[in-house]
Each structure stands twice: as structure tokens, then as C-alpha cells.
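Taking it in order: structure first as C-alpha cells, then the write-up.
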Amino acid sequence: MDWEKYESTALDSFADAGTREELTTAHTAALGRKSELKTALREVRDRRTGMTLNAIRVRLEEAFTAREGELERADLDERLSDDAFDVTVPGDEIPVGQLHPTTQVRRLIEDTFLGLGYEIRYDREVETVEYNFDKLAFEPTHPSRSPRATFFLDDDTVLRTETSPSQIHSMEGKPPPIYMVSIGRCYRRDAIDATHYPIFHQFEGLAVDRGLTLADLKGTLLHVMRALFGEDRRVRFRTHFFPFTEPSMEPDVSCGVCGGEGCRTCRYSGWLEMGGSGMVDSRVFQNVGLDPEQWSGFAFGVGIERVTQLRHGMAEIRPLWSPDLRALRQF
Ligand SMILES: [Zn+2]
């Protein structure tokens, strides 16, 4: 047996091994239990040959260990370079979300009324005709009762056309005094245009107590409008008609674009229409079992999209219902 050749062949096989698996195979062949070297070492009887073979074994084991170390370092280098993190590369921009403009206004409204000690309600959107119309003293012939104006689910059930049913729910729910604001979605069969959409958000305030007057309504609306639009705003009332209030008034807030001088936004009137309001009609009190001689109250309803539109000077409400983030990011 040419042990010099055996050694050099084994060393070459270690050096040629490109992976740890190949190195293990080469090790088994040269130094494994069944290798020629190990077999010869087991069978050797003469001391000199034994020392020679053992020296070869030691050199080969050293060469194997050295090569094993090289391959481990190469492995590590490769993994490190794969995971390399270049701190000088500019990062990807992480998009930061924001609240929808309608939600921003809703939260501002909630904060304002909480500050006034009002309870906040979120009532059902599917409502009975009884609560949406009858108990709010809508006349049987009122145009809102038409299926052309209102979404009927069946003869007795509608998608609420305003948040006003909350007035009935709150008055039936507990005895006065009541100070509540109801916030949520309402539905009407409106054609879509710059200022109309079949779904909209409304907030509806109701106060029932002893001795409430129009002055309380006006003071409350003034406070709320200033919270929504700025401390310099003024409020005025125009008489109107709503089934569930008497007297009924439409509140206007002074135009913030022109300061009341008159401009395109306010159609040169200096005032912006904000919704409906009035003193709770005695028939509504009777419908919920309250004595109108004892109790008085005021109510108001304002469109949240309208508020959002005016706060941001939006000509259109349609972007508020658009899933296009480019439109919404402007606010
Ligand atoms: Zn104006």
C-alpha cells in the first residue's frame, strides 16, 4: 500500500470538497471506520508502520479540521452577505393613514357635546315607520312618506331618513331631563349631485328639561357652530316648518370665507344654511307620554357632510364617498 499516495489523495479530496457534505464523504472514505487506513491501523503488528500510519491519521484529521473550519467560515460569510443591511440605502416610505374627513368632524362633534354634558347615542339605521314618521308627528300625507323619497324595506320598515327617531328612543328610554346627541347614517332617495348623496351623516341634538326656551336652543347652536367653524361665527334663525318642532327654524351660520360680506360660497348672502331646529312639538311629547305643560325641549339636526364641506371649502360632497385616496388625502 502506498501510504504517501493515500495521504495525498485524501488531502486532495478534503481540499476539493466544496461543501460540508462533500467533506464528510471524503472524511468517511479516508478516515472512516471502514477506510483502508483505519483497517490497517487495527491490523498492524509492527511498531514502525503503526507510528507511520498514525502520523498520517493525525495529519489527515488536522487537515480535515482545518478544511471544516474554512467551509464553516465560507458558509457564515455567505449568510452574512445575503442578510447584508446597507444603512445608506434610503428606506421605503411607509404610508401613514389618517381619519376620513367625515370621521374627523364626527369626533369633533362628539367632543363638543361631551363637553356640554350631552349623552351620545348611536341608534339603529333600520327603523320602523312608527318611529321614523308617526311618533315624530309627520302628517299621513307628508311627502317624506313616499317610496320615492324614502327607502322602504317593507310596508312598516324604512332606512331612517334622519336621526330624529333617536329623540323618541331617548325620551321613551328614560325620564327627563334629557340632553343627548345622536350621530349616524341616514338614507334618502336623493339623486347624486354636488351636495346630495343617498347616504349621509347627521347629528341630532335633543334637550328636554323644565323651562327650556328658544334662547337655550340658540345659545347651544352658537356654541356648537363656533366649535366647528371658529370663535368669530354668528348664528341666525329663519322660520321654517318641520313636523316634530313648533316653532321650527333653520339655523344659519355666518360665512367664514367672506366673514359675512357675501361671496360665492354663501351665494352672496353672508350666511350658510346648517340644517333644521326648533322647540319640541307638544304632539311629540304626548306621543312619548310626557306632559307638555311640564316639560319643554329643543331639537336640531345638522348634516355632517355639510359641515365637512364647509370646513374644508369643498365644492362637492362626492369625494367624501369616494374610495380614491388621492381625493381624501387633501383633507
Ligand atoms: Zn361668504
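The values are calculated or read from the model by the stated rules, or taken from the named source; none is laboratory data. Treat the numbers as computed from the prediction; the structure is a model and nothing was measured. Cβ atoms come from the backbone with ideal geometry, glycine included; neighbour counts cover every protein chain shown. Side chains included, ligands, DNA and RNA excluded: accessible areas come from the protein's heavy atoms. Shrake-Rupley method; radii C 1.70, N 1.55, O 1.52, S 1.80 Å.
For Cys263, the requirement of being within 16 Å of the ligand (Cβ to nearest atom) and buried (at least 16 other Cβ atoms within 10 Å of the Cβ) is not met.
The criterion of at least 1 residues that are β-branched (Val, Ile, Thr) and touching a strand residue (DSSP E or B) at 6+ places or on another chain (Cβ under 8 Å) is met by the following strands (runs of 3 or more DSSP E) wholly inside the range 239-331: 245-254, 276-280, 296-303.
Filtering the range 143-168 to residues that are of a type in the set (Val, Ile, Thr), open to solvent by less than 10 Å² (accessible area, probe 1.4 Å) and out of contact with any Leu (no Cβ under 9 Å at 6 or more places or on another chain) leaves Val158, Thr161, Thr163.
Screening the candidates Arg326, Arg283, Arg238 for the property of being under 26 Å from Leu99 (Cβ atoms) and more than 16 Å from the ligand (Cβ to nearest atom) yields one hit, Arg326. Scoring His312 on the criteria (1) touching a residue at least 60 places away in the same chain (Cβ under 8 Å); (2) surrounded by 22 or more Cβ atoms within 10 Å (Cβ to Cβ); (3) closer than 29 Å to Thr103 by Cβ; (4) of a type outside the set (Phe, Trp, Tyr) leaves a single failure, condition (2).
Among the residues of the range 122-129, is any surrounded by fewer than 12 Cβ atoms within 10 Å (Cβ to Cβ) and either more than 23 Å from Gly276 (Cβ to Cβ) or of a type in the set (Phe, Trp, Tyr) (or both)? Taking every residue of the range 122-129 in turn, at least one turns out to be surrounded by fewer than 12 Cβ atoms within 10 Å (Cβ to Cβ) and either more than 23 Å from Gly276 (Cβ to Cβ) or of a type in the set (Phe, Trp, Tyr) (or both).
Just one residue in the set Arg73, Arg59, Arg79 is touching an Asp or Glu at 6+ places or on another chain (Cβ under 9 Å) and either open to solvent by 100 Å² or more (accessible area, probe 1.4 Å) or modelled with pLDDT under 85 (or both); that residue is Arg59. If you go through the range 201-211 one residue at a time, do you hit one that is assigned by TED's automatic domain parsing to the domain that holds Leu108, modelled with pLDDT of 90 or more and open to solvent by 50 Å² or more (accessible area, probe 1.4 Å)? Yes, that holds for at least one residue.
Does Ser269 count as within 8 Å of the ligand (Cβ to nearest atom), assigned by TED's automatic domain parsing to the domain that holds Met314, among the small types (Gly, Ala, Ser) and open to solvent by 40 Å² or more (accessible area, probe 1.4 Å)? So Ser269 passes the test.
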